[in-house]
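Please read the structure below before turning to the comments.
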2 protein chains.
Amino acid sequence: MTARPAGRSAPTLESVAALAGVSRATAGRVLAGSTTVGEQAREAVLAAAAELSYVTNRAARSLMTRRSDSIGFVVGEPEERFFADPHFALVLRGAHAALAGHDVQLVFSILASARDRERFERFAAGGHLDGVILVSLHGDDPLPQRLQDAGVPVVLSGRPFRPVDGLAYVDADNTGGARSAVDYLTHRGRERIATITGPLDMPAAIDRRDGFLAGLAAHDLAAHGVADGDFTVAGGRRAMSELLAARPGLDAVFAANDLMAFGAMQAIAESGRRVPHDVALVGFDDSPLAASVHPALTTVRQPIVAMGEAMAERLIAVIEDGPQAPLVMPTDVVARASA
Amino acid sequence: MTARPAGRSAPTLESVAALAGVSRATAGRVLAGSTTVGEQAREAVLAAAAELSYVTNRAARSLMTRRSDSIGFVVGEPEERFFADPHFALVLRGAHAALAGHDVQLVFSILASARDRERFERFAAGGHLDGVILVSLHGDDPLPQRLQDAGVPVVLSGRPFRPVDGLAYVDADNTGGARSAVDYLTHRGRERIATITGPLDMPAAIDRRDGFLAGLAAHDLAAHGVADGDFTVAGGRRAMSELLAARPGLDAVFAANDLMAFGAMQAIAESGRRVPHDVALVGFDDSPLAASVHPALTTVRQPIVAMGEAMAERLIAVIEDGPQAPLVMPTDVVARASA
DNA sequence: ATGAAAGCGCTAACAA
DNA sequence: TTGTTAGCGCTTTCAT
């Protein structure tokens, strides 16, 4: 079937050239923005192209240029949680926005199974993607390394679990963000501060915990409890209950993401304590719901959309100029009612 | 730049054929799954392809077949809200999953500006997309009609604002879902039932309101208040406050989506009332957070991921067999603590 | 059952 | 500045 009403077939460069009264090459030059073209030829071509609603045939172009003019946005983690998290969509939005002016397609892909991975790797290595944005990888995933070995430009969201030579990535300043959360709490007079961590196979979770501990150390404090969470509401609630049972005297909690903070908020309320009067609570992310819950959540904001944009720009840079240094973006505390 | 280590260039059908000792045509036939090929030729070709990690060059294929082997997943509404809503990501996930076996790419696009729209329309009409999944259109958007006029297969998420001849779409049974919410509430003995609607330029909001009213009518009841919301937490909270002020005697509320129900929950608590004891609350969506809030939200579940899958399958059907009837998927009430 | 050959629409040398 | 020409890798007649 054809994506076009019967009869008319898509205009080609040939037809544009004919209408403009020039050769195909000249028409091509104009459309490619070449400067070595006469003024009247240019105008004629532009007029003809507009007249015919000409659109370059990407397939034909790709065949010649050996570029695909498309870049992959690849989700390494098929877990439900990731899709339920607004983060993902916002990164995608940022990446798309940054690519808007570049005339490249964003090809979306999820690597759900081992077969998916294998197929994707061949596809990318086969030159069908000019570059790849990789999000939500877990643990020590070999994919970025393998893609890089195959010569495929890659940018990661978040630092890799283990350093990879010459691998570009964009990350939030998780360590600094966690430290500033601690600073914020100590400035408000809190001294018995606990934390709920994310899953510790994720660099973001590790960095936030380390930043938390470093922040406390800078104030000559020790953690008033550390509970493992998993970045979910239910996990945050469970972890908070454990903390309250083990350390009933705590007066503040830093949750490594907002979802866990929401869960913690419930657990605190159920224990008969009040936020922030009895327990101050700080989250991480500034997710869309943070301002809407009650009490509104004080949290460490990371610039998600900007990070998505940065990843796309970084990738373009890798494609055009080779390896790029990592980029760590600043975070800041958004003060609301919970702390 | 090239997505491949210097020196080695991507294997072509030519090289596979050479290694297998057959002609390019035969190699092509094998890889295309043709039956008119000798057994030993087939095996030789398959072995050679595996050996070389051959991947079909899509550009070259497209040029011949005049298909792009890619379908667009297009977001018509650039609003922040949409991306903050987990719905979007889950539909995308479903669509991707359904396409997994079809060897097509999912090209993701957001139509943020009028220029984006115009460019996209030309792109699609130019035959560079075999079909389009259109998500989150607002009001009476002409895009589906225009694409269809241009011969581009389209599937919509949600029924269009105004009927479009021969346009395929996949929707949840919003009317039936709202009715079942009312049934559920009346079965629990509630009789003074209010609703918080979505933005009434969206068919889903209209249908849920209408279903709500029809459900009440079936029980010989009238609405105990109708407040306009906008599908956000803040909007739900505001609307709930208005309802409580205007109709302090209400004993149940149906919110047209979960986010508004979350907001309503806060407003109810602030008024000193308790959920569900004083006011029963039912949402719509069964969003990931519905089970995690406190009290857990009773809500009308719609099968989001399945709807994403259905949209992709529908689109394939439109592409291969022409116009398809709309598909309305069933909803069901998930009983939790809030009602 | 297989091969030879003709393009699909475009870009990039190379000539003019 | 412009035109001519030669492919890019694939699918698809048409012969054989």
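The values are calculated or read from the model by the stated rules, or taken from the named source; none is laboratory data. These figures come from a predicted structure and were not determined experimentally. Cβ placement follows ideal geometry from the backbone for every residue including glycine, while neighbour counts extend to all protein chains displayed. In case anyone asks, the SASA skips ligands and DNA or RNA and just uses the protein heavy atoms, side chains included. Shrake-Rupley method; radii C 1.70, N 1.55, O 1.52, S 1.80 Å.
Just tell me, in residue order, which DSSP H segments of chain B are both 15 angstrom or longer along the helix axis (alpha-carbon based) and at least -1.0 in mean Kyte-Doolittle hydropathy. List each step's numbers first, then the result.
Working: long enough: B:39-52 (20 Å, 0.29); B:86-99 (20 Å, 0.91); B:174-187 (20 Å, -0.53); B:203-218 (22 Å, 0.34); B:233-246 (20 Å, 0.49); B:258-270 (18 Å, 0.86); B:304-321 (25 Å, 0.99).
Once both thresholds are applied, what remains is B:39-52, B:86-99, B:174-187, B:203-218, B:233-246, B:258-270, B:304-321.
Going 7 Å from Cα along the Cα-Cβ axis for the label, what nanometre distances separate A:Gly249 from the same residue across the other copies?
5.5
Can you show me the helix-derived [θ] at 222 nm for chain B, built from DSSP H runs with n ≥ 4 at -39,500 (n - 2.57) apiece and divided by the number of residues, rounded to the nearest 500. Numbers along the way, then the final one.
Details: 13 runs with 150 residues, N = 339.
The helix contribution divided over chain B gives -13500 deg cm²/dmol.
Over all residues in B:87-94, what is the mean tally of Cβ atoms on other chains that come within 10 Å of each residue's Cβ?
5
Have a look at segment B:174-301 and give its Rg and Dmax from the Cα atoms, expressed in angstrom.
12.5, 34
Sorted from shortest, what are the nm distances separating the label point of A:Ala18 from equivalent points in the other copies, each placed 7 Å from Cα along Cα to C-beta?
For A:Ala18, the inter-copy label distances come out at 3.7 nm.
For segment B:176-331, give the percent of accessible area contributed by carbon and sulfur heavy atoms, probe 1.4 Å, rounded to a whole number. Walk me through the numbers before you get to the answer.
Values: 3030 of 5840 Å².
That fraction is 52 percent.
Roughly how many debye, to the nearest 20, is the charge dipole of segment A:36-83 about its Cα centre, given +1 on each Lys and Arg Cβ, -1 on each Asp and Glu Cβ, and no other charges?
Numbers: 6 positive and 7 negative charges, 53 e Å.
With only Lys, Arg, Asp and Glu charged at Cβ, the dipole is about 260 debye.
Roughly how many whole Å is it from the C-alpha centroid of segment B:110-161 to that of segment B:234-285?
37 Å
Would you be so kind as to list the residues of segment B:98-132 that have their accessible area lowered by at least 20 Å² in the full protein complex compared with their chain by itself (1.4 Å probe)?
In segment B:98-132, residues shielded by partner chains: B:Ala100, B:Gln105, B:Leu106, B:Val107, B:Phe108, B:Ile110, B:Arg119, B:Arg122, B:Phe123, B:Ala125, B:Gly126, B:His128.
Please compute the per residue accessible area over segment B:1-96 with all protein chains in place, 1.4 Å probe, rounded to a whole number of Å². Provide the component values of the computation, followed by the final result.
Values: 4770 Å² over 96 residues.
Solvent-accessible surface per residue comes out at 50 Å².
Let's see if you can work this out: charge +1 on each Lys and Arg Cβ, -1 on each Asp and Glu Cβ, no other charges. What is the dipole magnitude of the protein assembly as shown about its Cα centre, in debye to the nearest 20?
Numbers: 64 positive and 80 negative charges, 114 e Å.
With only Lys, Arg, Asp and Glu charged at Cβ, the dipole is about 540 debye.
Using a 1.4 Å probe and counting only protein heavy atoms, arrange A:Thr35, A:Thr331, A:Thr12 so the residue with the most accessible area comes first. Each step should come with its number before you reach the end.
On the way: A:Thr35 125, A:Thr331 30, A:Thr12 70 Å².
If we order A:Thr35, A:Thr331, A:Thr12 from most to least accessible, we get A:Thr35, A:Thr12, A:Thr331.
Could you tell me the calculated FRET efficiency between A:Ala246 and A:Glu320, based on Cβ-Cβ distance and R0 = 45 angstrom, to the nearest 0.05?
Values: r = 54 Å, r/R0 = 1.19.
The computed FRET efficiency comes out at 0.25.
How far, in nm to one decimal, is B:Asp278 from itself in the other copies if the label point is set 7 angstrom along Cα toward Cβ? Shortest first, please.
2.2
Hey, can you list the residues from segment A:61-85 whose accessible area shrinks by 30 Å² or more with all protein chains present, relative to the chain by itself (probe 1.4 Å, no ligands or nucleic acids)?
In segment A:61-85, residues shielded by partner chains: A:Leu63, A:Glu80, A:Phe83, A:Ala84.
Simple spin-label model, 7 Å along Cα-to-Cβ: A:Ala50 to B:Thr36 in nm?
Inter-label distance under the simple model: 5.0 nm.
Return the single residue from B:Ala217, B:Ala234, B:Ala27 with maximal mean-square fluctuation; model: Gaussian network over chain B, springs between Cα atoms under 10 Å.
Between B:Ala217, B:Ala234, B:Ala27, it is B:Ala27 that shows the largest mean-square fluctuation.
How big is the dipole moment of chain B about its Cα centre under a simple scheme where the beta carbon of each Lys and Arg is +1, that of each Asp and Glu is -1, and everything else is neutral? Debye, nearest 20, please.
On the way: 32 positive and 40 negative charges, 128 e Å.
In debye, rounded to 20, chain B gives about 620.
Quick check for you: with a 1.4 Å probe and neighbouring chains kept, what is the accessible area per residue of segment B:128-220, in Å²? Provide the component values of the computation, followed by the final result.
Details: 3470 Å² over 93 residues.
That works out to 37 Å² per residue.
Determine the total buried accessible area between chain A and chain B, counting protein heavy atoms only with a 1.4 Å probe; round to the nearest 100 Å².
Working: alone 16580 and 16560 Å², together 28120 Å².
The contact between B and A buries close to 5000 Å².
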